[in-house]
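K.L.:
Have a look at the structure that comes next, please.
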Amino acid sequence: MGEAESATVIFRKSSRQLQRRRLRDFANELARQLGNGRPFTCLLTSDREIQELNRRFLGRDYPTDVLAFPGDDDQYLGDLAISLDRAREQAVALGHSLEDEIKILMLHGLLHLLGMDHETDRGQMARAEKRWRQRLGLPSSLIERRRR
């Protein structure tokens, strides 16, 4: 038997390019290492649903790559929603796999669930994302890419 799972990945939209077990294992690793074992949920979905979530909860009527909704207490980190459509486009544009792109977005979103905000923190989240990306063997981070 493996370790207890502390993250849930929901594949509302999927791809033959993805190995579900590897993404679930990665999510559990993030929950263990970054979240101190606290659970979170990650929804992989379409641009259409991401746009609806973005409009409904944040008042922004457009699709985006990842949304983060922090939990209400110290026991649950919160929920992430990742657009598989955006992830696929970004993976192609940046020359790496769809799986790596989803992992980068999951890491980025989890840092937001932990309270980081790259728009206001003077580089703290960017530095943390870079350290974790290197530790986890991932390509360049979301924040680093946006600075180019």
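K.L.:
What's the number of the only condition in (1) within 16 Å of the chain's Cα centre (by Cα); (2) under 23 Å from Asp117 (Cβ atoms); (3) in a helix (DSSP H, G or I) that Arg24 fails to meet?
P.N.:
(2)
K.L.:
Further question: As an exercise: evaluate Leu80 against (1) closer than 16 Å to Ser6 by Cα; (2) touching a Lys or Arg at 6+ places or on another chain (Cβ under 9 Å) and give the number of the one condition it does not meet.
P.N.:
The failed condition is (2).
K.L.:
Let me ask another. Select from the range 81-102 the residues that are of a type outside the set (A, V, I, L, M, F, W, C) and surrounded by fewer than 24 Cβ atoms within 10 Å (Cβ to Cβ) and list them in ascending order.
P.N.:
The answer is Asp85, Arg86, Arg88, Glu89, Gln90, Gly95, His96, Ser97, Glu99, Asp100.
K.L.:
Out of the range 1-40, which residues are in contact with a helix residue (DSSP H, G or I) (Cβ under 9 Å, 6 or more places away or on another chain), polar (S, T, N, Q) and either farther than 18 Å from His108 by Cα or buried (at least 16 other Cβ atoms within 10 Å of the Cβ) (or both)?
P.N.:
Answer for the range 1-40, where residues must be in contact with a helix residue (DSSP H, G or I) (Cβ under 9 Å, 6 or more places away or on another chain), polar (S, T, N, Q) and either farther than 18 Å from His108 by Cα or buried (at least 16 other Cβ atoms within 10 Å of the Cβ) (or both): Ser6, Ser14, Ser15, Gln17, Gln19.
K.L.:
Do we have any residue at all in the range 120-140 that's over 20 Å from Ile10 (Cα atoms) and in contact with a Lys or Arg (Cβ under 6 Å, 6 or more places away or on another chain)?
P.N.:
Within the range 120-140, one or more residues are over 20 Å from Ile10 (Cα atoms) and in contact with a Lys or Arg (Cβ under 6 Å, 6 or more places away or on another chain).
All of the numbers you see were taken from the coordinates with simple rules; none came from a lab. Just so it is clear, the structure is predicted and the values come from calculations on it, not from any experiment. Every residue, glycine as well, gets a Cβ built from its backbone with ideal geometry; the counts of neighbours run over all protein chains shown.
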